[in-house]
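To start, the structure itself, in structure tokens.
The values are calculated or read from the model by the stated rules, or taken from the named source; none is laboratory data. Values in this document were obtained by computation on a predicted structure and should not be read as measured data. Heads up, the Cβs are rebuilt from the backbone with ideal geometry, glycines too, and the neighbour counts pull from every protein chain shown.
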Amino acid sequence: MSKATDIQITKVDYYLLPVDMRMPLKFGPESVSSVTCLRVAVEVTGADGRRATGWGETPLSVTWAWPSNTLTYAERYEAMVNLTQQLASAWVEKTPSGHPLEIGHFFQTECLPSELSEFNSGHSEDPLPHLAGLIVASAFDIACHDAFGMLHEVDTYQTYNQEYLSSDLSRFLTAEDPTVSFEAMYPCDFLNLVPETRLPVWHLVGGLDPIEQADCTGHEPDDGYPVTLRDWITSDQLNCLKIKLRGNDQGWDYDRLIRVGDLSIELGVEHLSADFNCTVKDPAYVNKILDRLSAERSDINRRILYVEQPFPYDLKANQIDVSSVSERQPLFLDESAHDWQYVALGRSLGWTGVALKTCKTQSGAILSLCWAKAHGMPLMVQDLTNPMLAQIPHVRLAAHAGTIMGVESNGMQFYPDASLPEAQVHGGIYRRRNGHLDLSTLSGYGFGYRLDEMSRDLPSPQTICRGDAS
């Protein structure tokens with residue numbers, strides 16, 4: 001079934017934008033000092049022949065999406081760049097017409113598995129994982145959602161309804177709870193359609209971040225931005241801290257929680273979360289830390305809103321009963337929440353909440369949101385250290401999702417100057433003030449980027465048009 005509002009993708013341009021970090025960011029056992037952002041422009045054509053262009057962007061976060069003991073960072077990064085070319089061709093040549101949610105769902109379920117299988121042929125020892133594929137696909141998917149709004153001169157979040165979608169959510173989702181039905185339900189039924197314009201913002205306390213001046217090595221940047229956690233809390237009046245832990249060193253993890261917790265109490269920070277970086281194999285590891293914290297430092301323990309993804313990425317291969325952890329603290333899927341089916345599997349294993357990310361596609365995030373809310377699972381929206389355009393769909397998802405507490409946003413910690421052109425238009429989205437982000441400057445069609453007001457020079461793109469993709 002088609003609708004007069006359906007679009008067809010006719011062309012994509014994509015750009016690779018390198019960004020240097022002012023301080024290293026630690027992901028599990030690896031640290032990174034730079035990242036490349038994939039920026040995509042998607043041209044679409046409507047049934048009446050009108051055309052519009054939409055934009056999407058995501059950091060190609062290699063270490064987050066593809067931990068490896070056998071491949072170098074450069075080898076993994078090169079593979080993700082090569083996959084970008086392949087998926088760009090597939091996005092143009094293999095997608096049907098429809099609403100972006102329908103196009104994105106088709107690509108994620110029908111195209112991406114075969115594209116990854118083709119890409120990984122001959123690389124069985126350390127293949128490019130599904131999560132890395134989702135990151136690459138997400139920039140194209142986000143741009144498609146933006147283009148749809150631009151073509152129809154409407155905000156993207158006003159298109160997730162019966163007026164624009166050809167079918168209800170039962171086409172995409174299957175309920176696990178017999179009391180839940182997706183018949184005659186649309187994403188708009190699960191979204192905050194009049195979202196808050198001010199969101200509480202979470203700061204990332206990385207494993208290498210200095211807490212106090214005494215932790216500094218003397219190699220920290222002197223660029224006018226804060227360096228220590230104490231200075232960040234004071235400068236941005238932060239009230240929410242996400243604490244990166246090792247997951248393989250119980251003493252270090254406990255001490256880190258205590259140090260950050262003590263500073264939080266001193267400076268009036270009310271909310272904490274603990275992120276174990278997918279390195280834990282046994283729930284007893286997390287339980288021991290949480291039990292000790294509850295017994296010895298209840299003042300810190302009661303500030304913890306949730307625990308994030310202690311266990312391995314591959315949920316299907318690591319079906320661990322985690323209910324003992326979720327009995328102690330809310331336990332949120334992050335890296336494992338590839339799509340709503342993984343969320344359903346996680347729920348059956350004892351996970352209680354979901355951390356959404358636009359880097360797993362806007363389409364997938366919307367569908368996971370609907371499934372989770374229908375089954376009573378609380379939500380967060382987590383960052384991928386998003387700079388530049390990537391920040392805007394990210395914060396918009398949080399504003400419409402109805403999270404338990406605002407949104408994580410840490411791009412300003414690691415590369416604040418990378419977003420200066422965007423910050424000239426949306427200062428409150430790229431600077432944290434009074435512990436919040438201010439989204440009130442977003443306006444217009446699509447995601448409300450106001451791109452024509454930004455002065456950013458882009459390199460020459462790679463271009464693929466329908467009919468000439470290889």
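When the stretch 19-42 is filtered for residues that are in contact with a Cys (Cβ under 8 Å, 6 or more places away or on another chain) and within 30 Å of residue 92 (Cα to Cα), the ones remaining, listed by number, are 19, 42.
Filter the stretch 221-245 down to the residues that are in a loop (DSSP other than H, G, I, E, B) and in contact with a strand residue (DSSP E or B) (Cβ under 9 Å, 6 or more places away or on another chain) and list them by number. If the condition is that a residue be in a loop (DSSP other than H, G, I, E, B) and in contact with a strand residue (DSSP E or B) (Cβ under 9 Å, 6 or more places away or on another chain), then 221, 223, 225, 227, 237, 238, 239, 245 are the ones that fit. Among the residues of the stretch 112-126, which ones are over 22 Å from residue 93 (Cα atoms), out of contact with any Leu (no Cβ under 8 Å at 6 or more places or on another chain) and either among the acidic types (Asp, Glu) or at pLDDT 95 or above (or both)? Listed by number, the list holds a single entry, 125. Out of everything in the stretch 356-389 that is surrounded by 24 or more Cβ atoms within 10 Å (Cβ to Cβ) and small (Gly, Ala, Ser), what residue ends up being farthest from the chain's Cα centre (by Cα)? Per the stated criteria, the residue is 372. Only one entry in 426, 338 is closer than 27 Å to residue 40 by Cα, at pLDDT below 95 and either buried (at least 23 other Cβ atoms within 10 Å of the Cβ) or of a type in the set (Gly, Ala, Ser) (or both), namely 338. Restricting attention to the stretch 116-132, which residues are touching a residue at least 60 places away in the same chain (Cβ under 8 Å) and assigned to a helix (DSSP H, G or I)? Once the filter is applied, which keeps residues that are touching a residue at least 60 places away in the same chain (Cβ under 8 Å) and assigned to a helix (DSSP H, G or I), the stretch 116-132 yields 130, 131, 132. Across the stretch 12-58, the number of residues qualifying as among the hydroxyl-bearing types (Ser, Thr, Tyr), under 17 Å from the mean Cα position of the chain (by Cα) and crowded, with 22+ Cβ neighbours inside 10 Å comes to 1. Kindly check whether there is at least one residue in the stretch 177-184 that is among the aliphatic types (A, V, I, L, M) and free of Cβ contacts under 8 Å to residues at least 24 places away in the same chain. Checked against the condition, which is being among the aliphatic types (A, V, I, L, M) and free of Cβ contacts under 8 Å to residues at least 24 places away in the same chain, the stretch 177-184 yields at least one hit. Residues in the stretch 247-264 that are part of a loop (DSSP other than H, G, I, E, B) and touching a residue at least 40 places away in the same chain (Cβ under 8 Å): 247 only. Annotation: of all residues in the stretch 165-196 being of a type in the set (Ser, Thr, Tyr) and not in a helix (DSSP H, G or I), the one that is surrounded by the fewest Cβ atoms within 10 Å (Cβ to Cβ) is 179.
Residues of the stretch 59-90 that are in contact with a strand residue (DSSP E or B) (Cβ under 6 Å, 6 or more places away or on another chain) and either surrounded by 24 or more Cβ atoms within 10 Å (Cβ to Cβ) or not hydroxyl-bearing (Ser, Thr, Tyr) (or both): 59, 60, 64, 88. Just one residue in the set 451, 437, 458 is over 16 Å from residue 57 (Cα atoms) and either in contact (Cβ under 8 Å) with a residue 12 or more places away in the chain or in contact with an Asp or Glu (Cβ under 9 Å, 6 or more places away or on another chain) (or both); that residue is 437. Restricting the first member to the stretch 269-287 and to residues that are surrounded by fewer than 21 Cβ atoms within 10 Å (Cβ to Cβ), and the second to residues that are part of a strand (DSSP E or B) and of a type outside the set (Ser, Thr, Tyr), the beta-carbon pairs closer than 7 Å and six or more apart or on different chains are 271/240; 271/305.
Looking across the stretch 221-253, the residues that are in contact with an Asp or Glu (Cβ under 9 Å, 6 or more places away or on another chain) and either over 15 Å from residue 432 (Cβ atoms) or outside the structural domain of residue 298 (by TED's automatic domain parsing) (or both) come down to 223, 227, 228, 230, 243, 244, 245, 246, 247. Say whether the condition of being closer than 21 Å to residue 52 by Cβ, surrounded by fewer than 24 Cβ atoms within 10 Å (Cβ to Cβ) and either within 21 Å of the chain's Cα centre (by Cα) or of a type in the set (Val, Ile, Thr) (or both) is met by at least one residue in the stretch 435-442. Yes: the stretch 435-442 contains one or more residues that are closer than 21 Å to residue 52 by Cβ, surrounded by fewer than 24 Cβ atoms within 10 Å (Cβ to Cβ) and either within 21 Å of the chain's Cα centre (by Cα) or of a type in the set (Val, Ile, Thr) (or both). For the residues 179, 197, 156, the requirement of being polar (S, T, N, Q) and over 20 Å from residue 358 (Cβ atoms) singles out 179. In the stretch 401-414, which residues are surrounded by 21 or more Cβ atoms within 10 Å (Cβ to Cβ) and not polar (S, T, N, Q)? Scanning the stretch 401-414 gives 401, 406, 407, 408, 411, 412, 414. Considering only residues that are closer than 29 Å to residue 66 by Cβ and at pLDDT 95 or above, which ones fall in the stretch 264-280? Selection gives 272, 273, 274, 275, 280. Identify, please: which residue in the stretch 300-317 is without any contact (Cβ under 8 Å) to a residue 60 or more places away in the chain and part of a strand (DSSP E or B) and is, among those, farthest from residue 347 (Cα to Cα)? Among residues in the stretch 300-317 that are without any contact (Cβ under 8 Å) to a residue 60 or more places away in the chain and part of a strand (DSSP E or B), the one farthest from residue 347 (Cα to Cα) is 304. Taken over the stretch 205-219, residues that are more than 22 Å from the chain's Cα centre (by Cα) and in a loop (DSSP other than H, G, I, E, B) amount to 7.
Is one or more of the residues making up the stretch 390-400 surrounded by 14 or more Cβ atoms within 10 Å (Cβ to Cβ) and in a loop (DSSP other than H, G, I, E, B)? Checking the stretch 390-400: not a single residue is surrounded by 14 or more Cβ atoms within 10 Å (Cβ to Cβ) and in a loop (DSSP other than H, G, I, E, B).
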